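**Student:** One structure follows; several queries about it will come next.
Rule-based calculations on the coordinates, nothing more; no lab input. Source: prediction; values computed, not measured. Please note: Cβ atoms are built from the backbone with ideal geometry, for glycine as well, and neighbour counts cover all protein chains shown.
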Amino acid sequence: MAVMKLKRATTVAGTWLNEAVSFIVFCVLDILDSLLCLLYKAADYLFEAEWKPCYCLSAKEPITTTRGKILLSHNNGESKILTLSPLQELGGRSKIELEDVSETLYIRPSLLSDFSSLSVTEINKRFVKVTRSETKCSDHHEKTKNQKRRSITKSSLTVNFTVVEMLRGKIRPQNLSHDVSRWSDCDCGFCTSWASTSNKDHSLFVKTQIPNGITAKEDVLFIHGFISSSAFWTETVFPSLLASSSAYRLFAVDLLGFGKSPKPADSLYTLREHVEMIEKSVLHKHNVKSFHIVAHSLGCILALSLAARHGSLIKSLTLLAPPYYPVPAGEAEPRQYVMKKVAPRKVWPPIALGASMACWYEHISRTICLLICKHHRIWQFLANLVTRNNRTVNFLIEGFMCHTHNAAWHTLHNIICGTGSKLDMYLDIVRDKLKCNVTIFHGGDDELIPVECSYNVKQRIPRARVKVIEHKDHITMVVGRQDEFARELQEIWKTSSC
């Protein structure tokens with residue numbers, strides 16, 4: 001009994017210490033990010049001769065018109081830009097919707113303001129186990145507060161002026177800009193290879209593997225995760241499948257903004273853009289009629305979106321560590337809720353600190369990209385020197401570092417945070433309208449995305465099969481056991497084709 005009390009006291013003390021240290025650290029980071037904002041504005045003007053907009057500017061409310069060029073509408077408390085005029089500013093498009101642009105890009109309250117808005121009950125709930133009656137009371141209070149918040153939202157219209165500036169005349173998904181990189185991005189031949197290619201339509205980089213000596217009977221699409229590349233598959237699973245005389249045609253893409261794929265400076269990297277580029281570069285270009293999907297981490301969101309759009313063509317879904325955080329019913333700000341789940345602003349565990357810095361701070365994350373991504377060749381050289389040209393380390397570093405800050409920042413917010421409750425709709429479509437097998441793999445030691453996320457998917461899709469791989473994390477669930485994973489994939493594809 002005494003041991004249990006001591007353990008409980010130690011846990012509570014550790015939690016309080018983590019909270020206290022995190023509060024101090026992230027208050028300092030709030031200030032640092034503001035200072036970096038000013039520094040980057042000066043540097044951008046010095047190196048590029050123009051001021052570059054950022055998302056830390058305050059929102060203008062209410063914005064109803066901007067010199068007659070912007071018309072806004074209201075729908076369920078969410079603001080949308082319906083039309084920008086004249087049409088020349090749209091590059092020929094007469095309608096742009098803001099529904100795919102996550103408000104977490106420009107609404108990220110500082111830790112101090114966020115903490116000051118918490119009630120005493122909410123603060124206590126972080127550390128103390130409340131009774132059922134207290135929970136009911138708190139839930140009632142929360143529902144009342146959410147209702148008030150929704151009523152306030154419906155009575156006003158708030159659109160961030162920076163988003164308007166970035167949208168006006170800059171979205172051209174059918175004609176990606178040749179504005180390759182900013183001064184803080186890498187301009188090496190690998191990172192800018194898409195701009196020098198003779199391929200005028202700027203499709204995604206796709207690595208294709210065709211069976212040796214036999215006709216491919218089915219197609220498989222592999223989608224990598226956040227800050228990764230197609231090498232995550234082509235350097236692991238592809239060789240294993242080739243060695244086993246697999247009869248499948250395999251496609252692995254570098255997502256828009258990553259690896260060797262286009263990295264347009266004027267893209268907002270929305271879910272729509274990512275999915276449409278995959279359709280254009282793989283499904284249409286290679287005449288794919290039906291296919292299996294294998295997706296890792298962030299790629300699972302794109303896989304579910306593709307499944308919702310091409311239901312009858314999907315033969316099987318294999319999801320690895322899907323980042324699915326169910327949004328509670330009645331939650332007024334689903335995207336903010338997901339962002340706080342993904343990046344909880346804690347210094348421990350270290351993975352939480354890294355995710356929080358990448359998600360909450362636009363200019364700190366740009367500094368990280370400046371130090372790491374722009375100089376990835378130096379880091380790769382040092383890594384090869386230390387590991388004696390270890391092939392696995394090389395392709396992992398290549399995938400981790402070969403992207404732009406613009407691509408990573410927008411993809412993180414518009415895909416992982418921005419999908420919010422939209423994932424519920426995709427999962428319901430897979431459950432109700434698709435008959436394909438759904439298999440989920442998750443590393444038992446994954447600290448980036450908790451195992452609960454996979455079980456959350458299973459709760460939404462009861463027929464889904466979850467396999468937890470013990471003593472493996474977010475990466476080693478594939479890397480290091482690629483031969484075994486390749487056999488598991490072939491078994492999934494075989495049973496799905498019966």
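**Student:** Show me, for the stretch 17-34, the HN-Hα J-couplings you get by feeding each phi into the Karplus relation (A = 6.51, B = -1.76, C = 1.60, θ = phi - 60°), rounded to Hz, glycine and proline as x.
**Tutor:** 5, 4, 5, 5, 5, 4, 4, 5, 4, 7, 5, 5, 5, 4, 5, 4, 5, 5
**Student:** Let me ask something else about it. Looking at the stretch 220-299, what % of its DSSP beta bridges pair antiparallel, to the nearest 5?
**Tutor:** On the way: 0 of 8 bridges.
Expressed as a percentage, antiparallel bridges in the stretch 220-299 total about 0.
**Student:** Turning to a different aspect of this structure: DSSP loop (so not H, G, I, E, B), at most 15 other Cβ within 10 Å: list which trypsin sites (Lys or Arg not before Pro) in the stretch 372-465 pass both filters. Present the calculation step by step, with values, prior to reporting the outcome.
**Tutor:** Values: sites: LYS374, ARG377, ARG388, ARG391, LYS422, ARG431, LYS433, LYS435, LYS458, ARG460, ARG463, ARG465; in loops: LYS374, ARG388, LYS435, ARG463.
In loop regions of the stretch 372-465 (DSSP not H, G, I, E or B), the sparsely surrounded trypsin sites (Lys or Arg not before Pro) are ARG388, LYS435, ARG463.
**Student:** Please identify every one of the trypsin sites (Lys or Arg not before Pro) in the stretch 270-363 that sits in a loop by DSSP and has no more than 12 other beta carbons within 10 Å of its own beta carbon. Before the final figure, lay out each step's value.
**Tutor:** Values: sites: ARG272, LYS280, LYS285, LYS289, ARG309, LYS315, ARG335, LYS340, LYS341, ARG345, LYS346; in loops: LYS285, LYS289, ARG345, LYS346.
Here the trypsin sites (Lys or Arg not before Pro) that fit, given the DSSP loop and packing criteria, are LYS289.
**Student:** Could you size up the charge dipole of the stretch 266-333 around its Cα centre, putting +1 on the beta carbon of Lys and Arg and -1 on that of Asp and Glu, and report it in debye to the nearest 20?
**Tutor:** Roughly 480 debye, rounded to the nearest 20.
**Student:** Could I get the Rg over Rh figure for the stretch 333-477? Both from C-alpha atoms, Rh via Kirkwood, rounded to two places.
**Tutor:** Details: Rg = 17.7 Å, Rh = 17.5 Å.
With Rh from the inverse mean 1/r over Cα pairs, Rg/Rh is 1.02.
**Student:** Among the listed pairs LYS260/LYS341; LYS263/LYS346; LYS340/LYS422; LYS217/LYS289; LYS289/LYS458, which are separated by more than 21 Å between their Cα atoms?
**Tutor:** Going by Cα-Cα distance, LYS260/LYS341; LYS263/LYS346; LYS289/LYS458 fall outside the 21 Å limit.
**Student:** Can you tell me the FRET efficiency between ARG391 and THR495 if r is taken as the Cβ-Cβ distance and R0 is 25 Å, rounded to the nearest 0.05?
**Tutor:** My answer for the efficiency is 0.20.
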